[in-house]
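One structure is given below, encoded as structure tokens.
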Amino acid sequence: MKKRTVAAILMTSAIALSACGEGGSSTSYSGNNASSTIEASSELDSAEGASNDQATDIQTDGNKDTTASSSEGEKKQKGKGSKSGKKSEDSSEGTLAYTLSDGEEIEGGTYTAENEDESAIGAADDTVATITGATINKISGDATSADTSSFEGVNAAVRVYGNATVTIEDCEITSDAENATGVFVYDGGTIYISDSTVDVTGGGAGGIQVAGGGTLYAENLTVTSASKAAIRSDRGGGMLVVTGGTYTSTGSSGCPAIYSTAEITVSDAECVSENSRAVIIEGKNSVTLENCTLSGNDQSTKEGSIKANVLLYQSSSGDAEDGTSVFTMNGGTMTSNSGAMFYCTNTSSVINLTDATFELSDTGEFLIVSAGRWGSDGSNGGNCVLNAEEQTIEGTITVDDISSLEMNLEQSDYTGAINSSGQAGTVVVNLSDDSTWTLTADSYISEFEGDLDNVDTNGYHLYVDGVEVK
């Protein structure tokens, strides 16, 4: 056995970043809409949804006069706190058709929102409440601002904020208005939701979402979203923990199953994106998958787009802090129906893989690290660290001349070629003694650490810093 280390001068400078059951009764809350004037404002390009490409702000003139009605015996509820049935103005001028009181426990009933910037039910301040077996509908009334909808949850069917904590069990939640998320928590709020369905059909909205420091725990949900991610976060981030269930995004390009500007963990769940990437991580945020099944079908058509199942990037829209995007997958299966499995651009990233199964698209590409359509030309490459343990990897890897890759294999086997067209960016391969690399074409890297006997050239050649070593 011979051990050989071939070194090259590494470029260490970082890239510049620019980048529920149904109740037997119904409670409905309605009101009168004021007239509006529309002012459009553009936002820096995001990889998710058209509303981030062109956000529309609408400023409402006049005051809203809102009435609420309920019939005796419509709701079965327990706990303290009186409910006036009136709307409550919140910090971002959105309203709640029904405001939960501290200690309230709702059982059954139907809660409906019909007006612009109105949520069907929610809580603020330090309220602690429970909703069980209710039907919650956002049936009409578009958001007057795409930003307050996406960043603060205005117009969501369920909205929790201001340190409130709400538990939701066995509920049916639907949303059919523009910019009306299904379940939204932000500003220190917390939601625990389980054994429920969330169906979002309106544009510019996701399924379950955190932003602005919200926390959401979801268990055994069926979530469908037709415009943005089924599991989603936005500006200000937070924490979202998902266990079990099915999460499906049906929209066109820009509608992934998971979109992260937060810390998102998903376990034992099925995540499907029918027409977009499976996962998008923006900036200094993360997605961790434990024994999940995922699939994506990237249909990106914008000029400069590179199709991939998992995108790690920085859009520089202000929605995510600059830093390292982290994707971790332990066990489970992920399928790419279009494009590469992973794509890193205009950010630093870490990809951690352990005992996962990957089914590549017809392109046969595993990883692309390169410049793309975000950031400033010449400084918008990617810096990626790929850590694989007890992992089988197949497919080609490409790193362009302003990008870098460090690939660390422990008890793992890689079959594929790296930069088969010739040397480009900085590529370091660290191969443990119990790992192998089988070439499928000539490969060009900057540095190799390991035993060259563990490299099977398969009739091809390995070049390190321009020198053929095997």
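Summary of values
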read-out: For VAL160, solvent-accessible area (1.4 Å; no DNA, RNA or ligand), Å²; value: 0 Å²
read-out: Gap separating the Cα centres of the range 439-458 and the range 287-353, nearest whole Å; value: 26 Å
read-out: Check: the range 331-462 dipole with +1 on Lys, Arg Cβ and -1 on Asp, Glu Cβ, in debye; value: 620 debye
read-out: Inter-part distance where the range 189-215 and the range 132-172 are each reduced to a Cα centre, Å; value: 7 Å
read-out: Exceeding the 28 Å Cα-Cα cut-off - candidates LYS307/LYS470; LYS228/LYS302; LYS228/LYS307; LYS138/LYS284; value: LYS307/LYS470; LYS138/LYS284
read-out: Heavy-atom surface of the range 318-369, accessible at 1.4 Å and reported per residue (Å²); value: 30 Å²
read-out: The range 94-177: relative contact order as a whole-number percent, Cα under 8 Å and 6+ apart; value: 35 percent
read-out: Cα centre as origin, Lys/Arg/Asp/Glu Cβ charges: the range 116-173 dipole, Debye; value: 80 debye
read-out: Length gained when the stretch GLU390-ASP433 is fully extended (0.36 nm per residue, less Cα-Cα span); value: 14.2 nm
read-out: Inter-label distance, nm, simple model (7 Å from Cα along the C-beta direction), ASN291/GLU449; value: 3.4 nm
read-out: Cα-derived Rg to Rh of the range 355-438, Kirkwood definition; value: 0.99
read-out: Area of ASP117 that stays accessible when all protein chains are in place (1.4 Å probe, Å², to 10); value: 10 Å²
read-out: Counted charge near GLY339, where neighbours are those whose Cβ lies closer than 11 Å (Asp, Glu -1; Lys, Arg +1); value: -1
read-out: Potential lengthening between TYR460 and ASP362 on full extension [0.36 nm per residue; Cα-Cα distance subtracted]; value: 33.1 nm
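The values are calculated or read from the model by the stated rules, or taken from the named source; none is laboratory data. All of these numbers come straight from a predicted model, not from anything done at the bench. Ideal geometry is used to build each Cβ from the backbone, glycine not excepted, and the neighbour counts take in all protein chains shown. With ligands, DNA and RNA removed, areas are computed over all heavy atoms of the protein, side chains included. Shrake-Rupley method; radii C 1.70, N 1.55, O 1.52, S 1.80 Å.
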